[in-house]
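The values are calculated or read from the model by the stated rules, or taken from the named source; none is laboratory data. Just so it is clear, the structure is predicted and the values come from calculations on it, not from any experiment. Reconstructed Cβ throughout: ideal geometry from the backbone, glycine too, with neighbour counts over all protein chains shown.
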Amino acid sequence: MKEETRKDISYNPKAIEHKWQEKWEADKLYRSVIDESKPKHYALTMLPYPSGDLHIGHWYAMTPSDARARFMRMRGYNVLFPMGFDAFGLPAENAAIKEGIHPMKRTYENIERMRKQMKTMGAMFDWEREAVSSDPEYYKWTEWFFIQLYKAGLAYRKLSAVDWCPKDNTTLAREQVIGEDRRCERCGTPVVKKELEQWFFRATKYADELLNFDGLDWPERVKTLQTNWINRSEGASVIFKTESGDEIEIFTTRPDTLWGATFMVFSPEHPLVDKVTTPENKAAVEAYQAQAARQSDIEREAVDKEKTGVFTGGYAINPVNNERIPIWVADYVLMSYGTGAIMAVPAHDERDFAFAKKYGLPIVEVIRPEGQEEAGELQEAYIGEGVMVNSGPFNGTKVNTEKGRKNPGISAVIDWLEEKGIGKESVNYRYRDWLISRQRYWGAPIPMIHCDVHGWNPVPEDQLPVMLPEDVEWKPTGESPLKLHPTWKNTTCPVCGEPATRETDTMDTFMCSSWYHLRYLSPHYDKGPFDEAEYNYWMPVDTYTGGIEHATMHLLYTRFFHKALRDAGIVEGNEPMMQLRNQGMVLGEDNEKMSKSRGNVIAPDVLVDRYGADTVRAYIMFFARWEMGAPWDSQGIEGSARWIRRIWVLFTDPSTTAQDASDSSGSASAEVKRTLRRKAHQTLRKVTHDFENFEFNTIVSSLMELLNEMYKAREAGAVGSPEWNEAQDIYLRMLAPVAPHIAEELWTNHLGKPYSIHQQQWPKFDEEAAKEDVIELPVQINGKVRDRITVPAEAGEEEIKAAALASETVRKYLDGKEPKKVIVAHKRLVSIVI
RNA sequence: GCCGAAGUGGCGGAAUAGGCAGACGCGCACGACUCAAAAUCGUGUUCCCUACGGGAAUGAGGGUUCGAUUCCCUCCUUCGGCACCA
């Protein structure tokens, strides 16, 4: 060992990292198998899309997650920490159109490159569980799940105006249209509306359940985003009638204002518009409809736009008072929310007020602030609390600002509506059903067959997977090659056996990622989507880590998916992922988002080559609060590199190692050794706490502090003492999750301890050792620190007080007088008021 | 407009059952080693002042308290989400 120490005198990550990675792999050190004797821990980090190269963001997401998984393993858990690829998707296909490279070829080449890059992280991924969503053995089950949802009545086909990305040539789910200007989540192109028949999942069926986060340890932020996205609103649905007797259902959150409904407004696309429009208004209404259809959603939905509309000439009957009220058409009413028709109560709704003022429609006050006389002409809509007036049987009923049943006025009116049979309590959501059809090739085929006689039927399950044909051509128009393929879509009807055609659309890739955590359990299992035994042992996911950008997409889809599978009897439990933590984003050194066009991209490969993976891992954990993220700093990483080198030096320098230091062994004072041991255990307590709480930056800084302390102890001659040996032992165990290679090298080759450090237990914390013997307390006089006193750690309040008052400085300030007040903040500080 | 998060040295960030603000690191300065440089090691590093000593300071202002980065109120800035949602 001595010779080896001399040989490897300077830290050389290249020499040690690859060596250990190979040995760990050969020894299957990170293979996770069912072990009933240990508690399990399923740690999951979001799988990457195989875009080409691993970037620093992947490292930022994955290596702290890996460190924590390693920590859990050392704490005695049987940890599963798998990795895979979300391999279907548009970029590969767009590249195929542009460059003529088949997306399959390109995807698998990228996967190979990224897998290789990932292996340089030294993460504890169990590669035998790798799952790739574009493998037929994977997407067979994605298709199978579609059929299960279809059978459960959760998949349906509907003609509707859907969002279409003209650049990517496909429809998008509502969640994938982002921002005020309604852009495609992938490519940033503004989307347009298109009338298409498409497949949907009935996610809205689970809206209420998705609002319930009981038992989930998820960030408030994500829960809020999902709650706002679903946007539940309570109210009533009420049936109005046209003069010819057609029913018009409306949704309102303010049934208490029904008596103030002085007109109705239809969305331009409302099906009854044509019928209620009188001949003399027909031209104007049609012109308005045509104009609305031409306008983009962005123009239409601009909030500050002045309201426009036209009168249809038709009238409706307000069912609560049988008033005859005019029906207008206006584009501020959206067909996509509620029923596409509203009752307008100008006195108590700002939008209706503005519209009524503009077109001279009547305004009837029905809620009045309590104790106030009739206000005369209203200057603005009144939204506050008050009592109902001009409301027939409800005059005098109190109304507050609560929603739904919590509001006495609303509650009373709902009861009355239900009794009379003209309306009922109702809940509305912004949340929409999940549109999953994509007019693209590189995705899991939707396993449905259309027959002219028998309509749509699923592909028989024994014929799965519906394989993607490989002999396909791309047209520059971007049209799906599945549609253009000469034979692929031809098949037979599963009901009658006559010629029929396949669905040529593929599934949204979020479908693939909704269940990948299940495929990891048994990626090559062919009797089902997962092996039951694996499921029973590992699920649910205990800790899930990934970016916040998926709050209302992936994270909502996967919750819906799990609930749907639960109801289909495929999985158990209400939630797939119990604990969620989001990491922030690494920005470029210019404090901007990293992008090739800005030229501020940090390549992890270059860093690994220069510093070694351990340093990159350490710096990633150290340089920012994990959930916040921060700009990269090329100078800053030098600090972490220095720290790792200093560890190396301390553990390998011949003057430090026990066997070479026998002359100085034990020469340190008891005080030095006591201090070293105390610091080691205090650090252990801190690091343990911080790992539990994902506070990676302070883990590294605590380890830096302890190292500095160990250097001091070395100077004071502590090397070779039991305290020194213990500190070394604890140090490497704590270091192992952060910097697994150097920890292994020092542990196994320099300290000669049993391989592998990654199979060791987390060190045992000794409360007694961490305890302070004496404590120093600041003494404040009138809120300012004037002195410090030193007292035994176990000193009581009286003793501390006496010591403080005995201090010379304090006596000087007191000048013989009695203090007004002496406060001893236990073991923290003494505060004296004069 | 509504909802949410965040504002601490030159920089990244520590510290919140209310208790020494600036841990740890970067950078910078000075020193040691060196012919010299790099590396390394050591010391210092919030700001202001007649500097032994004192004062101010955690986006701004106010409040509660012996004591506030931490709690409360008002406001400012930045970022994120939603938005004519009936």
Looking at (1) at positive phi; (2) at pLDDT 95 or above, find the lone condition where residue A:688 falls short. (1)
Select, from A:569, A:573, the only residue that is more than 14 Å from RNA strand B (Cβ to nearest atom), over 25 Å from the mean Cα position of the chain (by Cα) and over 23 Å from residue A:52 (Cα atoms). A:569
If you go through the range A:166-203 one residue at a time, how many are in contact (Cβ under 8 Å) with a residue 40 or more places away in the chain and under 20 Å from the mean Cα position of the chain (by Cα)? 8
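Just wondering, is there one or more residues in the range A:373-386 that are touching a residue at least 40 places away in the same chain (Cβ under 8 Å), within 13 Å of RNA strand B (Cβ to nearest atom) and not hydroxyl-bearing (Ser, Thr, Tyr)? I'd like the intermediate steps shown before the answer.
Within the range A:373-386, the subset touching a residue at least 40 places away in the same chain (Cβ under 8 Å) is none.
Scanning the range A:373-386 turns up no residue that is touching a residue at least 40 places away in the same chain (Cβ under 8 Å), within 13 Å of RNA strand B (Cβ to nearest atom) and not hydroxyl-bearing (Ser, Thr, Tyr).
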Residue A:391 meets each of (1) in contact with a Ser or Thr (Cβ under 8 Å, 6 or more places away or on another chain); (2) hydroxyl-bearing (Ser, Thr, Tyr); (3) within 16 Å of RNA strand B (Cβ to nearest atom) with one exception, condition (3)
Heads up, the helices (runs of 4 or more DSSP H) in the range A:668-775 (entirely inside) with at least 3 residues that are within 12 Å of RNA strand B (Cβ to nearest atom), crowded, with 18+ Cβ neighbours inside 10 Å and within 42 Å of the chain's Cα centre (by Cα) are A:670-692, A:696-715
By residue number, the members of the range A:784-829 that are within 8 Å of RNA strand B (Cβ to nearest atom), assigned to a strand (DSSP E or B) and either touching a residue at least 60 places away in the same chain (Cβ under 8 Å) or closer than 20 Å to residue A:773 by Cα (or both) are A:788, A:825, A:829
Taking residue A:474 as the residue in question, decide whether it is aromatic (Phe, Trp, Tyr), over 22 Å from residue A:160 (Cβ atoms) and either in contact (Cβ under 8 Å) with a residue 60 or more places away in the chain or surrounded by fewer than 13 Cβ atoms within 10 Å (Cβ to Cβ) (or both). yes
Out of the range A:777-804, which residues are closer than 13 Å to residue A:833 by Cα and touching a strand residue (DSSP E or B) at 6+ places or on another chain (Cβ under 7 Å)? A:779, A:780, A:781, A:782, A:785, A:786, A:801, A:804
State whether the residues of the range A:181-196 include one that is within 10 Å of RNA strand B (Cβ to nearest atom) and within 24 Å of residue A:577 (Cβ to Cβ). yes
Exactly one of these conditions fails for residue A:521: (1) assigned to a loop (DSSP other than H, G, I, E, B); (2) touching a Phe, Trp or Tyr at 6+ places or on another chain (Cβ under 7 Å); (3) under 23 Å from residue A:150 (Cα atoms). Give me its number. (3)
Are there any helices (runs of 4 or more DSSP H) wholly within the range A:587-654 with 2 or more residues that are surrounded by fewer than 20 Cβ atoms within 10 Å (Cβ to Cβ), and if so which? A:604-611, A:636-652
Suppose the filter is buried (at least 21 other Cβ atoms within 10 Å of the Cβ) and either at pLDDT 95 or above or touching a helix residue (DSSP H, G or I) at 6+ places or on another chain (Cβ under 7 Å) (or both); does residue A:557 pass it? yes
Test: residue in the range A:507-514 that is surrounded by 22 or more Cβ atoms within 10 Å (Cβ to Cβ) and in a strand (DSSP E or B): yes
State yes or no: is residue A:200 of a type in the set (A, V, I, L, M, F, W, C) and assigned to a strand (DSSP E or B)? yes
Residue satisfying all of: in the range A:414-433; out of contact with any Lys or Arg (no Cβ under 8 Å at 6 or more places or on another chain) and assigned to a strand (DSSP E or B); surrounded by the most Cβ atoms within 10 Å (Cβ to Cβ) among these: A:423
Scan the range A:508-555 residue by residue and report those that are of a type in the set (A, V, I, L, M, F, W, C) and closer than 17 Å to residue A:568 by Cβ. A:511, A:515, A:518, A:530, A:539
Pairs needed: first member in the range A:329-354, in the same structural domain as residue A:282 (by TED's automatic domain parsing); second member anywhere, assigned to a strand (DSSP E or B) and hydroxyl-bearing (Ser, Thr, Tyr); C-beta distance under 8 Å; at least 6 residues apart or different chains. A:329/A:312; A:339/A:237; A:342/A:252; A:343/A:252
Please state which of the following conditions residue A:579 fails to meet, knowing it meets all the rest: (1) in contact with a Leu (Cβ under 9 Å, 6 or more places away or on another chain); (2) within 15 Å of RNA strand B (Cβ to nearest atom). (2)
Subset of the range A:560-586 that is over 25 Å from residue A:508 (Cβ atoms) and charged (D, E, K, R) - its residue that is surrounded by the most Cβ atoms within 10 Å (Cβ to Cβ): A:581
Kindly indicate whether any position in the range A:625-643 is modelled with pLDDT under 95 and of a type in the set (Ser, Thr, Tyr). yes
Does residue A:232 satisfy the criteria of being within 12 Å of RNA strand B (Cβ to nearest atom), more than 15 Å from residue A:551 (Cα to Cα), basic (Lys, Arg) and at pLDDT 90 or above? yes
